[in-house]
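Every number here is computed from the coordinates shown, using simple stated rules; none is lab data. Here the structure is a predicted model, which is why all the values come from computation and not from measurement. Using ideal geometry, Cβ is built from the backbone for each residue, glycine included, and neighbour counts are taken over all protein chains shown.
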Amino acid sequence: MMQMERRPYLDEFEKLLVRMNTPRVMIDNAGCVNATLVMIDSARKDGILLEAVQVLTDLNLLIKKGYVSSDGRWNMDVFHVTDLSGNKLTDNNIINCIQHSLGTIRNTRSKSIDGMTAIELTGTDRVGLLSEVFAVLSDLKCDVAESKVWTHNGRIASLIYLKDCDSGCSIDDSQKIGKIEARLRNVLKGDNDIRSAKTSVSMAITHTERRLHQMMFADRDYQRSAIIKTSGEYSPLVSVQNCLEKEYSVVNIQCKDRPKLLFDVLCSLTDMEYVVFHATINTAENGAYLEFFIRHADGTPISSEAEKQRVTLCLRAAIERRASEGVRLELCTTDRPGLLAEVTRTFRENALNVTRAEISTTVGTALNIFYVTDAVGNEVDLKMIESVRQGIGSDCLRVKELPFRNQQKGDNEEQHGSGGVGGLGGAVLLSLGSLVKKNLYNLGLIKSYS
């Protein structure tokens, strides 16, 4: 009898546990004219904000605005998102994917690398380095299935997913792995990078871009000076101050807007072991404006000028790593052994420097993106580009525009849902967003919430 009486209480307790461990996600298209609203209400957990933003950016969505608030043990985040063309989300598959992914985030998300071996590389960047790396892998009968390469301040970081050319499976032979690491390390060392060149087999399954941020942070690219000149188009303005009465450190960032900007900033703050309690994100035609209220994991704010300077340098580096310089070249052709070695050798022979690369293969087709400059970081002469295209194949190597520049629609177009326009869903979601802003206002963290 007692057990039967206790059952309802146990059921309620189980419901509470589910509620605490399952984020509540609401998505609405009616409450805003030019963006889809995504609201996430969840129990506070380390890294959950980064996880949520990672889900949205992995779906190639743009975050136009955002409000983040942590009240005690709970988070309430509201994001205004669009597709890459600046339109509201209308694809139900994408909307359902957002609902499912955000509603089930637990730990660090990452794609499976089953059947592939992951190799991590860091070292000093130089013209032709990628050509040497891919030539070594081709010589060792390694097929590059996927890879991402970032360069910043004269440093390079790359995560390469390999398969054995003969078997088409992951490389499990320890002797072969050792040979791959040794030869790649020699390539990275070159003539003057004996100490900092590193190669390793990555056993952990990690989100690729998240891992690249970690690798460059560990390599301390933020402390180094650029070797090749850059346009400075994405040079961010970063300030760090302490809000003593609230015991927060306040980080303000102003820079040119671009996709995945918020993700990159949150990766850097996470790598430095800061916790974001409140934040506002706003983008406009003239740039992006981000404000974060942070503390150390132990609840204390930033304590010294030296630490403020370090935070400033790290955030600038995180924003600049993905801000690719140069002409964007897209290669789409049938995949074959040695393809990357051939293409990057042609780049090297024409004195082209690869500043960033994204390598992928889909059903036997190579889909590769390269950003190239001349040897000192200048824009490449179009005649040189055409010569390279003729050498590789003008039908498969095309010149594309530089990465998408977010074109913000006027903020004045944004309207609250009401009557026949917004509907109940829009009104509810906008009220939740207003609660977040009101919470920030009551804490004295923003000037108004109207």
Estimated inter-spin distance, Ser303 and Leu244, nm [label 7 Å along Cα→Cβ]: 1.7
Local electrostatic count, Arg183, Cβ distance below 12 Å [Lys/Arg +1, Asp/Glu -1]: +1
For a label point 7 Å along the Cα-to-beta-carbon line of Asp173, residues of segment 123-143 with backbone N under 18 Å: 136-143
Summed side-chain charge close to Asn286 - residues other than Asn286 whose Cβ falls under 10 Å, Lys, Arg +1, Asp, Glu -1: -1
Length gained when the stretch Val376-Glu273 is fully extended (0.36 nm per residue, less Cα-Cα span): 33.6 nm
Mean-position separation - Cα centroids, segment 313-372 and segment 137-151, in angstrom: 11
Listed residue (Cys396, Leu340, Met384) projecting farthest to the positive dipole end of segment 324-397, Cβ model: Leu340
Computed magnitude of the charge dipole of segment 61-188 (debye, nearest 20; Cβ of K, R +1, Cβ of D, E -1): 440
Extreme residue, positive dipole direction of segment 24-140, given options Leu140, Gly31, Ser101 (C-beta unit charges): Gly31
Contour excess over end-to-end distance, with Cα ends at Val201 and Asn60 and 0.36 nm allotted per residue: 47.9 nm
Nitroxide proxy distance, nm - points 7 Å out along Cα→Cβ at Glu342 and Gln254: 5.1
Nearby aspartates and glutamates by direct alpha-carbon distance to Lys246 (threshold 18 angstrom, same-chain neighbours under 8 apart not counted): Asp71, Glu291, Asp298
Of Lys88/Lys256; Lys189/Lys400; Lys260/Lys400; Lys176/Lys400, pairs whose Cα-Cα distance is over 26 Å: Lys189/Lys400; Lys176/Lys400
Formal net charge of residues neighbouring Pro236 (Cβ-Cβ distance under 10 Å; K, R +1; D, E -1): +1
Point-charge dipole on Cβ atoms (K/R +1, D/E -1) for segment 236-321, about Cα centre, debye to 20: 240
Note, ³J(HN,Hα) from phi for segment 210-216, Karplus 6.51, -1.76, 1.60, rounded to Hz, x at Gly and Pro: 4, 5, 4, 4, 4, 5, 6
Cleavage-rule hits (GluC sites (Glu not before Pro)) in segment 293-354: DSSP loop, at most 14 neighbouring Cβ within 10 angstrom: none
